[in-house]
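Remarks on the structure that follows.
The values are calculated or read from the model by the stated rules, or taken from the named source; none is laboratory data. Treat the numbers as computed from the prediction; the structure is a model and nothing was measured. Don't worry about glycine lacking a Cβ; one is built from the backbone with ideal geometry, like all the others, and counts go over all protein chains shown.
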Amino acid sequence: MNTIVIRGAKENNLKNIDLVIPRNKVVCFVGVSGSGKSTIAFDIIAREGERQYFESLPSYARRYLHKSNRPLVDEIKGVSASIVISQDRVRGNPRSTVGTLTEAYTYLRLLYSRVGLPSMDSSYYSFNHPYGACKKCKGLGRAVEVNESKVIDKDKSLNEGAILPSDWYVGGRQWSIVKATGYFDMNKKLCDYDAEEIEKILYAPPEMLQSVSGEFIDRWTFQGVVHRIIHRNNNTHRSLSENDMRYFDLVDCLECHGGRLNSKSLDVRLQGKNIGEVANMPLEQCLAFIKSIDHKNAQAIKPRLIDQLQGLINVGVGYLSLNRSADTLSGGEAQRVKMARQLSCDLIETVYVLDEPTAGLHPRDVSHVVANLQRLRNNGNTVIVVEHDETVIRSADHIVEVGPGGGKHGGQIVASCTIDELIVHEHSLTGTYLNKSKCMGTKEKYRRVSSSLTVTGATRHNLKNIDVSIPTGVLVALTGVSGSGKSSLVEEIKSQHANKIVLIDQSIIGANRRGCIATYVGIFDYIRTLFAHEHGLHPSLFSFNSHGGCELCKGVGYIDMDMNFLGDVKIKCESCGGSRYKEKVLRYSYKGKNIVEVLAMTASEMKQFFDSADIQKPMSLLEEVGLDYIEMGQTLDTLSGGESQRLKLASKLQAKGEFYILDEPTSGLHFADIEKLLRLLNRLVDNGNTVLIIEHNLDLIKNADWVIDLGPEGGEKGGTIVAQGTPIQIARTASSYTGVYLKRTLNI
């Protein structure tokens with residue numbers, strides 16, 4: 001079969017669509033946010049390919065596999081086993097590395113066991129095995145070291161809040177314990193404390209104290225701030241929490257120096273280097289080292305190891321090392337590592353589904369992505385990409401545009417054709433940007449810089465002890481190739497100016513299936529009160545999380561049914577029909593609409609329906625951030641990363657004097673959405689805020705007031721400031737990769 005055929009697709013917002021997609025091609029899905037692209041690519045094609053493959057396996061094997069349900073379609077034919085190469089970050093396991101995610105470190109261990117001297121078994125080179133792991137750091141290669149400046153402010157007294165962790169706020173329980181000890185002068189600034197006093201307030205071991213007042217005896221335990229933070233984590237049998245890690249710095253283990261292995265394993269040398277040193281090299285250097293090995297015992301291992309390393313370099317992560325912890329990779333880096341693994345396979349007739357493979361990539365490196373997509377296709381596979389990058393779109397064999405709008409206004413097939421046909425398609429919004437009848441303008445005048453925020457001596461990760469002044473009150477773009485040090489500089493900004501920075505990332509707002517948009521923007525209470533006053537009832541009756549919730553599904557709207565190896569099936573609640581409410585609640589209406597019908601309204605519809613400023617104002621903010629299509633009853637756990645980020649931005653539009661940092665805000669955005677985003681960012685700045693964006697999108701960069709370009713390359717060859725100035729000044733800097741592409745975009 002040469003095509004994938006979908007009939008009657010009604011998943012999420014899809015309008016009962018039919019679609020035919022050619023197989024063994026690179027197929028690019030485009031469209032505005034919320035149009036339904038990801039629903040077709042991931043929720044229908046990828047899920048059905050996975051489900052059909054799993055169902056071909058014996059039932060006893062399926063018990064141990066990911067459970068999947070049939071998508072809501074009348075018919076789907078022509079799919080084969082699918083592999084999703086997502087941008088999900090690899091979280092929670094610092095023992096997983098670039099080397100273990102691929103097979104590269106396995107081959108490196110084999111190489112050392114066969115060629116290294118003195119010779120040892122392969123297990124002695126595994127940092128996840130007791131034979132090989134460093135005794136001090138247990139194979140993690142890193143240790144935590146307290147950063148006293150993050151724990152105490154020596155320019156303040158204890159009464160002024162010198163202890164920074166939130167548990168020790170002035171007047172709180174922990175602060176009161178410190179005061180009750182009588183050990184410290186609460187009014188003396190900590191800079192005037194002697195070394196013994198500082199040691200006591202930070203590291204004192206637990207000490208039981210008591211005070212007697214008449215017949216009442218009060219007992220409590222005093223311990224140093226750092227001691228308590230570490231102790232409470234150990235009590236729960238886990239490492240330092242993400243919240244507590246803000247008070248510590250990660251440093252190389254003093255025993256293995258980041259090599260992760262014990263001294264016996266690190267004593268084994270190959271051409272003068274131990275395996276830890278090789279695994280900590282940038283991949284490009286590591287490849288050169290492996291190629292230089294000339295030993296008969298290496299001949300069988302070298303080709304496979306070289307292929308693994310070259311594959312990682314080819315996808316644009318040559319600046320990483322094999323020992324780089326997977327939990328420190330960005331979403332884009334994690335996706336490219338996964339892609340390298342697939343490129344090393346020889347599978348054919350597979351459906352690969354990728355979500356924005358250019359995310360986090362500088363324009364210089366996009367050509368590598370295109371080559372890799374075509375390589376997967378040329379191997380005899382179907383490659384489906386959800387993408388907004390113009391270079392990737394133009395290189396696709398077939399394009400499917402979903403729209404025309406988002407949410408209720410999307411879910412239809414606007415076009416399914418070649419790039420040449422899309423460009424002249426009369427209904428294609430994407431086509432109007434590709435044929436340049438619509439394009440992002442360039443600002444005529446840059447905002448004037450009058451003040452700045454300074455970062456000094458930044459050495460985090462690959463930063464080369466740099467000093468940088470970041471203009472305030474303007475729109476600043478932080479640019480550079482992958483691995484150049486952008487995220488490291490942002491971490492340094494947050495570290496040196498923690499109280500001045502507001503980070504607005506794309507993390508999900510909430511995983512709770514009960515939290516909805518109406519609750520987050522603060523209008524649900526008001527709506528329920530209106531209904532209650534209209535009928536003389538209590539507002540809780542109109543909450544699906546309270547008295548009004550369906551008793552069968554507990555206000556969720558569906559029932560999870562465990563089908564064992566067939567997968568959990570979500571069945572619409574037979575009692576409430578998916579409305580989440582008891583039947584009697586739906587009898588009450590406000591202006592002709594019941595509570596379910598009101599929650600099904602979009603921001604635009606809600607704004608027209610209610611004449612109250614309490615509702616119209618937050619709805620206007622949602623419209624400004626491009627979320628006018630989202631229904632108020634939609635749960636927060638269903639939002640994409642970009643939607644979550646814009647929802648957070650909506651709550652900031654009235655703020656003044658803040659310093660906002662956004663990491664790739666254009667990720668997941670169509671050309672039309674980026675125009676809306678730019679207007680939004682400019683409004684934030686015009687309100688008196690500073691906005692710093694880590695960005696690769698040239699349309700956004702050319703409209704910044706100031707650009708800080710890091711590089712020149714990634715990894716060890718990065719970490720310096722290549723150029724800084726207005727976009728035009730950057731475009732005239734020959735040594736800047738960003739400047740090269742800006743020059744073309746600005747036509748100068």
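Looking at the stretch 418-493, the strands (runs of 3 or more DSSP E) lying wholly inside it that each contain 3 or more residues that are of a type in the set (Gly, Ala, Ser) sit at 451-458. Listed by position, the helices (runs of 4 or more DSSP H) contained in the stretch 282-375 that have at least 2 residues being in contact with a strand residue (DSSP E or B) (Cβ under 6 Å, 6 or more places away or on another chain) and in contact (Cβ under 8 Å) with a residue 40 or more places away in the chain are 331-343. The set of residues in the stretch 149-168 being closer than 18 Å to Asp192 by Cβ, surrounded by fewer than 18 Cβ atoms within 10 Å (Cβ to Cβ) and either among the polar types (S, T, N, Q) or not assigned by TED's automatic domain parsing to the domain that holds Ile230 (or both) consists of Ser149, Asn159. Here Val691 fulfils each of the conditions (1) aliphatic (A, V, I, L, M); (2) without any contact (Cβ under 8 Å) to a residue 24 or more places away in the chain; (3) under 20 Å from Val455 (Cβ atoms) apart from (2). Yes or no: Glu623 over 23 Å from Asn747 (Cα atoms), surrounded by fewer than 20 Cβ atoms within 10 Å (Cβ to Cβ), assigned by TED's automatic domain parsing to the domain that holds Ser579 and not aromatic (Phe, Trp, Tyr)? Yes: the conditions hold for Glu623.
Looking only at residues in the stretch 107-145 that are touching a residue at least 12 places away in the same chain (Cβ under 8 Å), outside any loop (DSSP other than H, G, I, E, B) and in contact with a Gly (Cβ under 8 Å, 6 or more places away or on another chain), the one that is farthest from Thr328 (Cα to Cα) is Tyr124. Within the stretch 432-454, none of the residues are in contact with a helix residue (DSSP H, G or I) (Cβ under 7 Å, 6 or more places away or on another chain) and under 27 Å from Ala334 (Cα atoms).
Every test in (1) of a type in the set (Gly, Ala, Ser); (2) over 15 Å from Thr106 (Cα atoms); (3) at pLDDT 95 or above; (4) within 29 Å of the chain's Cα centre (by Cα) is passed by Gly316 save one, and that test is (3). Annotation: of all residues in the stretch 208-235 being part of a loop (DSSP other than H, G, I, E, B) and modelled with pLDDT of 90 or more, the one that is nearest to Phe248 (Cα to Cα) is Gly224. Criterion applied to Ile17, Ile40 was being β-branched (Val, Ile, Thr) and over 21 Å from Ile83 (Cβ atoms), and the one residue passing it is Ile17. The set of residues from the stretch 532-557 being surrounded by 19 or more Cβ atoms within 10 Å (Cβ to Cβ) and more than 21 Å from Ser575 (Cβ to Cβ) comprises just one member, Pro539. For Lys607, all conditions in the list (1) of a type outside the set (A, V, I, L, M); (2) part of a loop (DSSP other than H, G, I, E, B); (3) surrounded by 17 or more Cβ atoms within 10 Å (Cβ to Cβ); (4) modelled with pLDDT of 90 or more hold save one; what is the number of the exception? Every listed condition holds for Lys607 apart from (2).
Scanning the stretch 149-207 for residues that are assigned to a loop (DSSP other than H, G, I, E, B), over 38 Å from the mean Cα position of the chain (by Cα) and farther than 17 Å from Trp220 by Cα returns Asp185, Met186, Asn187, Lys188, Tyr193, Asp194.
Do the conditions hold for Ile384, that is, is it in a helix (DSSP H, G or I) and either in the same structural domain as Asn16 (by TED's automatic domain parsing) or surrounded by 18 or more Cβ atoms within 10 Å (Cβ to Cβ) (or both)?
Numbers: in a helix (DSSP H, G or I): no; either in the same structural domain as Asn16 (by TED's automatic domain parsing) or surrounded by 18 or more Cβ atoms within 10 Å (Cβ to Cβ) (or both): yes.
No; evaluated as a whole, the condition is false for this residue.
What about Glu658, is it surrounded by fewer than 22 Cβ atoms within 10 Å (Cβ to Cβ), over 19 Å from the mean Cα position of the chain (by Cα) and either assigned by TED's automatic domain parsing to the domain that holds Gly411 or more than 30 Å from Arg580 (Cβ to Cβ) (or both)? Taking the combined requirement at face value, the residue satisfies it.
Got a sec? Which of Gly642, Gly633 is buried (at least 17 other Cβ atoms within 10 Å of the Cβ) and in contact with a Pro (Cβ under 9 Å, 6 or more places away or on another chain)?
Numbers: Gly633 fails: in contact with a Pro (Cβ under 9 Å, 6 or more places away or on another chain).
Step by step, each of Gly642, Gly633 is checked, and only Gly642 is buried (at least 17 other Cβ atoms within 10 Å of the Cβ) and in contact with a Pro (Cβ under 9 Å, 6 or more places away or on another chain).
Residues in the stretch 574-598 that are within 21 Å of Leu72 (Cβ to Cβ) and buried (at least 20 other Cβ atoms within 10 Å of the Cβ): Cys576, Ser579, Arg580.
Residues checked against (1) farther than 30 Å from Ser428 by Cβ; (2) crowded, with 23+ Cβ neighbours inside 10 Å:
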| position | (1), (2) |
| --- | --- |
| His670 | no, yes |
| Asp673 | no, no |
| Lys676 | no, no |
| Leu680 | no, no |
| Arg683 | no, no |
| Leu692 | yes, yes |
| Ile701 | no, yes |
